[in-house]
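The values are calculated or read from the model by the stated rules, or taken from the named source; none is laboratory data. The model shown is predicted, which means the values in this text are computed figures rather than measured ones. A quick note on method: Cβ atoms are made from the backbone with ideal geometry, for glycine too, and the neighbour counts reach across all protein chains shown.
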Ligand code: SF4
């Protein structure tokens, strides 16, 4: 289950998620609880194994927000909260733990102060590192985000950041390559250099794998046993319910999205209706193609036998000889080089044979 907390302190110029400035008067907790109650009535809320609080900035919520929502579920396995370093002190982290949260995803991005300022982030590298250390001591199961390819990013900066991360000891690192659409480029006043970003991505794979992290998904690296359970279920194409303004979900081939407008979201819930703005029934071939795409994101790859109707074998062979993919146990998997051009690889491997 994904729970979207739609508020941030301010908007980061490179961000593409749905979020609005913090409005403490908006009854988000009550509305989310009512949305959950509506799902309980549909019978679709049984067997929730993992809960992910994302946003927006869920670490801006009161601690009672987490305790109240988590209390409605019978012991999920993994409960993650995305935390921004400027919100996190020992009290918040201890409070989250007492509420039942057992995994923290910390949006560090970099430890370089100038770059953080340019990205519109409101904390120092020192603060982020201290939070990473504290979260590690309190939770053990902590992930750190590192953005790759922001203005001023370099091999030296990347190595310095990872060295500090590794000393602080997170068991999971998410390394996202910066991509910007046209509007974001204008707003951020930056045009990412894809080639340089790819070089930094290769260096990321090298450093983290050398230090015992498994590269199990394009942007995700984990110490043994600390792969993210919620996200891994998504990459296997399993059902999930998304609640909150702007959230998405897929249940039994039905894909839906919630209202992005806080007013419309509140109106629907208050009227006793699920706040769904659009939905579609996924055709079997769409589901198959999504599983193909999702499989290629991970180090599990795709079963060449199951995906015979989609997989272009000639392209797969060419990708292997180019060092973009490899085949083992009948599965096609992308290498780090292949993952750096993931979108192109999906088109290439599923394209028509010549
Ligand atoms: S804090 Fe996160 S969700 Fe909010 S604007 Fe920045 S990147 Fe986007």
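Got a number for residues in the stretch 116-137 being within 16 Å of the ligand (Cβ to nearest atom) and surrounded by 19 or more Cβ atoms within 10 Å (Cβ to Cβ)? Going through the stretch 116-137 one residue at a time, the tally reaches 6.
Out of the residues in the stretch 15-31 that are away from the ligand (no atom under 15 Å from the Cβ), assigned to a loop (DSSP other than H, G, I, E, B) and exposed (fewer than 15 other Cβ atoms within 10 Å of the Cβ), which is modelled with the lowest pLDDT? The selected residue is 24. Selection within the stretch 4-14: residues that are part of a loop (DSSP other than H, G, I, E, B) and under 12 Å from residue 84 (Cβ atoms). The member of this set that is nearest to the ligand (Cβ to nearest atom) is 12.
When every residue of the stretch 150-168 is checked against the conditions, none turns out to be in a strand (DSSP E or B), under 16 Å from residue 219 (Cα atoms) and touching a residue at least 60 places away in the same chain (Cβ under 8 Å). Against the numbered list (1) closer than 17 Å to residue 2 by Cα; (2) touching a strand residue (DSSP E or B) at 6+ places or on another chain (Cβ under 6 Å); (3) in a helix (DSSP H, G or I), residue 204 comes up short only at (1).
Looking at this structure, is residue 52 at pLDDT 95 or above and under 23 Å from residue 272 (Cα atoms)?
Numbers: at pLDDT 95 or above: yes; under 23 Å from residue 272 (Cα atoms): no.
Answer is no for this residue.
Flag not set for residue 222, criterion: buried (at least 19 other Cβ atoms within 10 Å of the Cβ), modelled with pLDDT of 95 or more and not assigned by TED's automatic domain parsing to the domain that holds residue 152. The set of residues from the stretch 169-199 being in a loop (DSSP other than H, G, I, E, B) and at pLDDT below 95 comprises 169, 178, 179, 180, 181, 189, 190, 191, 192, 193. Being modelled with pLDDT under 95, in a loop (DSSP other than H, G, I, E, B) and within 23 Å of residue 149 (Cβ to Cβ) is not true of residue 72.
How many residues are surrounded by fewer than 16 Cβ atoms within 10 Å (Cβ to Cβ) and either near the ligand (Cβ under 9 Å from one of its atoms) or not in a loop (DSSP other than H, G, I, E, B) (or both) if we restrict to the stretch 35-52?
Narrowing the stretch 35-52 to residues surrounded by fewer than 16 Cβ atoms within 10 Å (Cβ to Cβ): 37, 40-43, 46-47, 49.
So of that shortlist, the ones also either near the ligand (Cβ under 9 Å from one of its atoms) or not in a loop (DSSP other than H, G, I, E, B) (or both) come out as 37, 40-42.
Residues meeting the conditions: 4.
Among the candidates 59, 105, 64, the residue that is surrounded by 15 or more Cβ atoms within 10 Å (Cβ to Cβ) and part of a helix (DSSP H, G or I) is uniquely 59.
Tell me yes or no: at least one residue of the stretch 108-115 is within 11 Å of the ligand (Cβ to nearest atom), touching a residue at least 40 places away in the same chain (Cβ under 8 Å), touching a helix residue (DSSP H, G or I) at 6+ places or on another chain (Cβ under 6 Å) and part of a strand (DSSP E or B). So that I can check it myself, show each step before the final result.
So the first thing to find is which residues in the stretch 108-115 are within 11 Å of the ligand (Cβ to nearest atom), and the list is 109.
Next, only the ones that are touching a residue at least 40 places away in the same chain (Cβ under 8 Å) stay: 109.
Next, only the ones that are touching a helix residue (DSSP H, G or I) at 6+ places or on another chain (Cβ under 6 Å) stay: none.
Within the stretch 108-115, none of the residues are within 11 Å of the ligand (Cβ to nearest atom), touching a residue at least 40 places away in the same chain (Cβ under 8 Å), touching a helix residue (DSSP H, G or I) at 6+ places or on another chain (Cβ under 6 Å) and part of a strand (DSSP E or B).
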